[in-house]
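Enquirer: Quick one: the structure is below, questions incoming.
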Amino acid sequence: MSGLKKLLTVFSLLIIPVIFTTACNENQTSAETPKKENPADADYFIGLRYLQNGEEKEAKIKFMNSMKNAGKYCAKRSAECLATLGSVQERNAACELMLELFNDDETKTLAARQFYSAEEYNKVINLSEEIILSESKNELIKLRFQSFLKRGDKDISKDILQWFIQRPISQEHMNFIDEAWPLPENKEDYNDIQKIIAFRIDVYNRDYGEAIRKSDDILKMMAKADLEPAPLICSDLGKTFLYGTNEYKESAKQFQKLANLYKKTPAEFYFWFYAGRCYIKAETAQTQASNCLENAIQCTENPKLKDNALWYLLNVKIDISFTDTIKDIGIYASQWSDPQYFDDLFDSLIPEIFISERWDLFPVLIEQLDGKATDDIVARLSYIWARLIQTGKVSVSSKNDKILWYFERALACGSSYYYRMLSLYELEANNKDFESFMCQVNKNDSIEPDEDAETLLLGYIKYGFPEKLYSEWLNFYKKGISTDVSFKAASFLSKCNKKEYYSQSLRIASRAAAISDRPLTKEEMKLVYPKFYKNHIDNYAKKYDINKSIVYALIRSESFFDSDAVSHAGAVGLTQLMEITGEDVARKLKKNDYSLTDPETNIELGTYYLCELIKRCSDSKLQGFLSYNAGITRVRRWLDSSMVNYGYKKDMSDDLFLETVPYSETREYGRKLVSATIYYDFLYSDSQNYRRFFEILRGL
């Protein structure tokens, strides 16, 4: 490389981080200007600023110019803003102009919303004339039907029925029934169409008792050809009998008859499928279940339906003959379309192999699934088998060569960093290889950026509108947002240094890393593993003598740095503490007045609690992690059981113990925290010896 080229390279490396880390500032540019800058694009963002300042007249002028002359999405967003400003007449006029410029469902829905609120029902009907009931936005369909009703057109019940049987029930369907087309209070007054719709609503609400009472009418209408056996109706019938009655064999036999009655129609699959599911519930009819599910697979070409039936079939086969099914697993694997759909099956199967102590089945699975299951599953199986050889649980000829081959196999595939990291450690890779590995991503296809979408996102960054960035990024990232622009968005939100943007920044960075078409830089990886709330975390990690990387990993995994997070179970805040746990820890720390929603308090209590668990688990970091998720009593019971079952006279290695934990959620939780801890130590530690990163999790 010439001296000039070297100088240019160094200069580019110096300038890029400056662009990347510019602070969030409403009046400061924090991203590169789009290559093909259109002045009319800027008018959209300037209009937003005018609007923020209460200068509506000036904003409308800017939006109008942008709508007519800007790129696609800046123009579209300008039109949408205009449709919300001024008098009713002005908003209607803006919608008319917007419809001339754009003809997508999103635009039609926004315009229909405005016209409906202005009681311009004919306009709603006209603009929605070409809707497709099975595809168009549900809100647009709802507004169309409501406009017909407002106009006095009562004979639309057949169209309404088609909307209800061609689509999964949505909140828009429910709103329509509540607001515009209520069902009679007396169920005896229902006509056939209302009975069908009420049946679908019962299943949507999981009120299977009510659905059972309506099912006879549904089946009679189908028998008389008054109701087509639409897939969603058949699926609802299946769910109704599966969850609404205990007479599983009788239900299965009825579905078998229906499957034969509706041969060579889409309904046939659903009836065979639910016949199989009902036989599974009967528990003593596994052979009949297997036959029905095989029939279901044979009678559909839909890959998703096939995979669904095959998943249940494999579970049945495993129950019937555990060993034979594993030995023939390659036959089934060759039939599936989406290997990832079956990951949870193998996640459950691995602990079963441990329980049965059939170690010899691991190499069988590896051979049969290689190239058919996901790389994650093959990596996991390969790592486990290598460790079983290494720890002397199994003996093979040419032991060292075999171990090396399986660790290399685990390292070479998969997106799950846990098994690949541990394999890298076992292979004693050098520091350079380790650093390269840590910034690798899955090899994805090159992204074709949507320049108009990227212009919109970069504009929000340039003109300082963080509140709009995340929702817009969600709209576009699957359609074509480059890795560079995604990380600019994540960096911008991170530099805003406001808690409401922390989790948004992390979500963008994590998703961008998952779909990146190139290796990431260390600075980009720091956005995937950020250090929000640094002062509090570093302070309490030091106070309670725990590696701060562990605390960052805990909070990232528990709440994605969302201090307002509340789980379905009621866990609160950054470290997701239950109220009763928080109360117990606060009492130990002599805190009488505290709030789990306060970030600093939550961090202190969660850090102390995790430290306490690790100490009680003989300083095992992994067992402490598992205890945080599932409770220390359970973890101790699992460990004792595993040591007895697998013949260990002294401590069982933590990585193999993890594979025996009976709960999938807890196993994955442990893997996530181990991986995240190693990443934090790698990205922020001063040490250049990568093996140190694993030593903090001694026992793995």
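Enquirer: Can you list residue pairs whose Cβ atoms sit under 7 Å apart, with the first residue in segment 218-237 being under 18 Å from Lys158 (Cα atoms) and outside any helix (DSSP H, G or I) and the second being at pLDDT 95 or above and among the small types (Gly, Ala, Ser)? Count only pairs 6 or more apart in sequence or on different chains.
Expert: Matching pairs, first to second residue: Pro229/Ala267.
Enquirer: Further question on the same structure: Can you pull out the helices (runs of 4 or more DSSP H) entirely within segment 303-398 that have at least 1 residues that are touching a residue at least 24 places away in the same chain (Cβ under 8 Å) and in contact with a Ser or Thr (Cβ under 9 Å, 6 or more places away or on another chain)?
Expert: The helices (runs of 4 or more DSSP H) meeting that bar are 303-320, 322-327, 343-356, 361-369, 375-390.
Enquirer: Select from segment 596-644 the residues that are within 14 Å of Gln576 (Cα to Cα), in contact with a Phe, Trp or Tyr (Cβ under 8 Å, 6 or more places away or on another chain) and either of a type in the set (S, T, N, Q) or without any contact (Cβ under 8 Å) to a residue 24 or more places away in the chain (or both) and list them in ascending order.
Expert: Thr601, Thr607, Asn629
Enquirer: Sticking with this structure for a sec: Residues in segment 96-115: is at least one farther than 27 Å from Trp473 by Cα and open to solvent by 50 Å² or more (accessible area, probe 1.4 Å)?
Expert: Within segment 96-115 (the criterion being farther than 27 Å from Trp473 by Cα and open to solvent by 50 Å² or more (accessible area, probe 1.4 Å)), the answer is yes, since at least one residue qualifies.
Enquirer: Here are the criteria: (1) surrounded by fewer than 20 Cβ atoms within 10 Å (Cβ to Cβ); (2) touching a helix residue (DSSP H, G or I) at 6+ places or on another chain (Cβ under 8 Å); (3) among the acidic types (Asp, Glu). Tell me which single one Asp376 does not satisfy.
Expert: Answer for Asp376: the failing condition is (1).
Enquirer: Condition first: out of contact with any helix residue (DSSP H, G or I) (no Cβ under 6 Å at 6 or more places or on another chain), farther than 22 Å from Leu673 by Cβ and open to solvent by less than 60 Å² (accessible area, probe 1.4 Å). Can you find one or more residues in segment 499-508 that meet it?
Expert: There is no residue in segment 499-508 that is out of contact with any helix residue (DSSP H, G or I) (no Cβ under 6 Å at 6 or more places or on another chain), farther than 22 Å from Leu673 by Cβ and open to solvent by less than 60 Å² (accessible area, probe 1.4 Å).
Enquirer: Within segment 368-380, can one find any residue that is at pLDDT below 95, touching a Gly at 6+ places or on another chain (Cβ under 9 Å) and among the small types (Gly, Ala, Ser)?
Expert: Yes, some residue in segment 368-380 is at pLDDT below 95, touching a Gly at 6+ places or on another chain (Cβ under 9 Å) and among the small types (Gly, Ala, Ser).
Enquirer: Go through segment 128-183 residue by residue and tally those that are open to solvent by less than 20 Å² (accessible area, probe 1.4 Å) and without any contact (Cβ under 8 Å) to a residue 12 or more places away in the chain.
Expert: Adding up the residues that qualify gives 1.
Enquirer: I would also like to ask the following. Among what's in segment 672-696 and is open to solvent by less than 10 Å² (accessible area, probe 1.4 Å) and under 18 Å from Ile614 (Cα atoms), pick the residue that is farthest from the chain's Cα centre (by Cα).
Expert: Ranking the qualifying residues of segment 672-696, first place goes to Phe693.
Enquirer: Taking the condition loosely packed, with under 15 Cβ neighbours inside 10 Å, under 26 Å from Lys158 (Cβ atoms), of a type in the set (A, V, I, L, M) and more than 36 Å from the chain's Cα centre (by Cα), does Leu261 pass?
Expert: Yes, satisfied.
Every residue, every condition in (1) among the basic types (Lys, Arg); (2) part of a loop (DSSP other than H, G, I, E, B); (3) open to solvent by 10 Å² or more (accessible area, probe 1.4 Å), yes or no:
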{"residue": "His568", "(1), (2), (3)": "no, yes, yes"}
{"residue": "Ala586", "(1), (2), (3)": "no, no, no"}
{"residue": "Asp593", "(1), (2), (3)": "no, yes, yes"}
{"residue": "Leu605", "(1), (2), (3)": "no, no, no"}
{"residue": "Tyr609", "(1), (2), (3)": "no, no, yes"}
{"residue": "Lys615", "(1), (2), (3)": "yes, no, yes"}
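Enquirer: Okay, moving on. Among (1) within 20 Å of the chain's Cα centre (by Cα); (2) open to solvent by 10 Å² or more (accessible area, probe 1.4 Å); (3) among the hydroxyl-bearing types (Ser, Thr, Tyr); (4) closer than 19 Å to Glu472 by Cα, which single condition is Ser494 missing?
Expert: Unmet condition: (1).
Enquirer: Specify which of the listed residues (Asp202, Asp226) is at pLDDT 95 or above and among the acidic types (Asp, Glu).
Expert: Asp202
Enquirer: Name the helices (runs of 4 or more DSSP H) wholly within segment 423-520 that hold at least 1 residues that are farther than 28 Å from Ile46 by Cα?
Expert: Once the helices (runs of 4 or more DSSP H) in segment 423-520 are filtered for at least 1 residues that are farther than 28 Å from Ile46 by Cα, what remains is 431-438, 499-514.
Enquirer: Okay, next question. Can you tell me which residue in segment 66-87 is nearest to Leu457 (Cα to Cα), limited to those that are in a helix (DSSP H, G or I) and open to solvent by 60 Å² or more (accessible area, probe 1.4 Å)?
Expert: Lys72
Enquirer: Test Asn103 against the criterion of being closer than 25 Å to Arg144 by Cβ and polar (S, T, N, Q), and give yes or no.
Expert: yes
Enquirer: In segment 294-307, how many residues are open to solvent by less than 40 Å² (accessible area, probe 1.4 Å) and within 16 Å of Tyr279 (Cβ to Cβ)?
Expert: Summing the residues that are open to solvent by less than 40 Å² (accessible area, probe 1.4 Å) and within 16 Å of Tyr279 (Cβ to Cβ) in segment 294-307 gives 2.
Enquirer: What is the one condition in (1) more than 14 Å from Thr109 (Cα to Cα); (2) at pLDDT 95 or above; (3) not aromatic (Phe, Trp, Tyr) that Gly152 does not satisfy?
Expert: So Gly152 meets the others, but not (2).
Enquirer: Quick one: Arg636 ticks every box in (1) open to solvent by less than 20 Å² (accessible area, probe 1.4 Å); (2) over 23 Å from the mean Cα position of the chain (by Cα); (3) under 28 Å from Asp655 (Cα atoms) except a single one, so which number is it?
Expert: (1)
Enquirer: Filter segment 396-423 down to the residues that are more than 24 Å from Glu668 (Cα to Cα) and either aliphatic (A, V, I, L, M) or at pLDDT 80 or above (or both) and list them by number.
Expert: Across segment 396-423, the qualifying residues are Val396, Lys402, Ile403, Leu404, Trp405.
Enquirer: While we're on this one: Here's a check for you: in segment 424-471, which residue that is of a type outside the set (D, E, K, R), over 30 Å from Tyr383 (Cβ atoms) and modelled with pLDDT under 90 is least open to solvent (accessible area, probe 1.4 Å)?
Expert: The residue in question is Ile447.
Enquirer: More than 24 Å from the chain's Cα centre (by Cα) and open to solvent by less than 20 Å² (accessible area, probe 1.4 Å), is that true of Thr325?
Expert: Yes.
Enquirer: Give the residue that is farthest from Tyr529 (Cα to Cα), with candidates limited to residues of segment 544-566 that are assigned to a helix (DSSP H, G or I) and hydroxyl-bearing (Ser, Thr, Tyr).
Expert: Residue satisfying both the conditions and the ranking: Ser559.
The values are calculated or read from the model by the stated rules, or taken from the named source; none is laboratory data. Quick caveat, the model's predicted, so the values are computed rather than measured. Reconstructed Cβ throughout: ideal geometry from the backbone, glycine too, with neighbour counts over all protein chains shown. Keep in mind that these areas ignore ligands, DNA and RNA; they rest on the heavy atoms of the full protein, side chains included. Shrake-Rupley method; radii C 1.70, N 1.55, O 1.52, S 1.80 Å.
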